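Before anything else, here's the structure in question.
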Amino acid sequence: MQLEIVSPERVLMKSEVVSVKVPGANGRFEMLDNHAPIVSVLTEGHIRFTLKGDLSEEERKNFIKGNGEELTLKISGGVLEMNNNKAIILID
């Protein structure tokens with residue numbers, strides 16, 4: 001699935017991922033390929049995702065290396081939309 005993470009200043013990354021975990025308003029949840037359409041408010045926490053492809057060096061600088069191939073980004077909140085196998089996350 002396609003994941004795009006956007007801040008008010010710029011697009012932090014846009015790449016194919018295996019999965020993405022987010023801090024939803026009602027608790028943490030994970031999305032995989034072909035997840036049902038969803039819109040969710042995100043709370044303070046971490047976005048964690050596993051890449052299917054690779055990121056450029058410029059994009060990779062925005063994230064912290066997590067467990068295994070997982071990358072992490074700390075957020076203070078945001079909004080997520082998942083539709084047609086594409087997740088767009090707008091962060092504060």
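What follows draws every value from the coordinates through simple rules; no lab data is involved. This structure is a prediction, so every number in the text was calculated from the model and none was measured. Because the Cβ atoms are built from the backbone with ideal geometry, glycine has one as well, and the counts that use them run over all protein chains shown.
Per the Cauchy relation, a quarter of the hull surface: what is the mean projected area of the convex hull of the alpha carbons in segment 7-54, in nm²?
Details: hull surface 15.8 nm².
So the mean shadow area of the Cα hull is 4.0 nm².
Return the whole-Å distance between the Cα centroid of segment 58-82 and the Cα centroid of segment 1-42.
10
Right, next: Mind listing the long-range amide H neighbours of residue 51? Cut-off is under 5 Å, sequence gap 5 or more, other chains count too, H placed in the peptide plane at 1.01 Å from N.
18, 71
A follow-up question, please. Sorted from fewest to most neighbouring beta carbons within 10 Å, what does the list 10, 48, 60 look like?
Result, fewest neighbours first: 10, 60, 48.
Still on this structure, please answer the following. Could you give each residue of segment 12-24 its phi-based ³J(HN,Hα) in whole Hz, using Karplus coefficients 6.51, -1.76, 1.60 with θ = phi - 60°, and x for Gly or Pro?
These are the phi-based 3J(HN,Hα) values: 7, 6, 8, 7, 7, 10, 7, 7, 9, 10, 9, x, x Hz.
In whole percent, what relative contact order does segment 2-91 give with Cα contacts below 8 Å and a gap of six or more residues?
Computed value for segment 2-91: 34 percent relative contact order.
Once you wrap a convex hull around the alpha carbon atoms of the chain, what is its projected area averaged over all directions, in nm²?
5.3
Per-residue ellipticity at 222 nm for the chain, helices alone: DSSP H runs ≥ 4 residues times -39500 (n - 2.57), over residue total, nearest 500 deg cm²/dmol? Could you put the intermediate results ahead of the total?
Details: 1 runs with 4 residues, N = 92.
After summing the helix terms and dividing by residue count, I get -500 deg cm²/dmol.
Quick one: 52, 86, fewest Cβ neighbours within 10 Å first, how do they rank?
86, 52
Can you list the HN-Hα couplings for segment 50-57, worked out from phi with the Karplus curve (6.51, -1.76, 1.60; θ = phi - 60°), rounded to whole Hz and with x for Gly and Pro?
Result, rounded to whole Hz: 10, 6, 9, x, 9, 10, 5, 4.
In nm, give the distance between the simple-model label positions of residue 64 and residue 25, each being 7 Å from the Cα along the Cα-to-Cβ direction.
2.6
For segment 37-48, what does the Karplus curve 6.51 cos²θ - 1.76 cosθ + 1.60, with θ = phi - 60°, yield as ³J(HN,Hα) per residue in whole Hz, taken in order and with x for Gly and Pro?
Per-residue couplings from phi come out as x, 7, 10, 9, 7, 10, 9, 4, x, 10, 8, 10 Hz.
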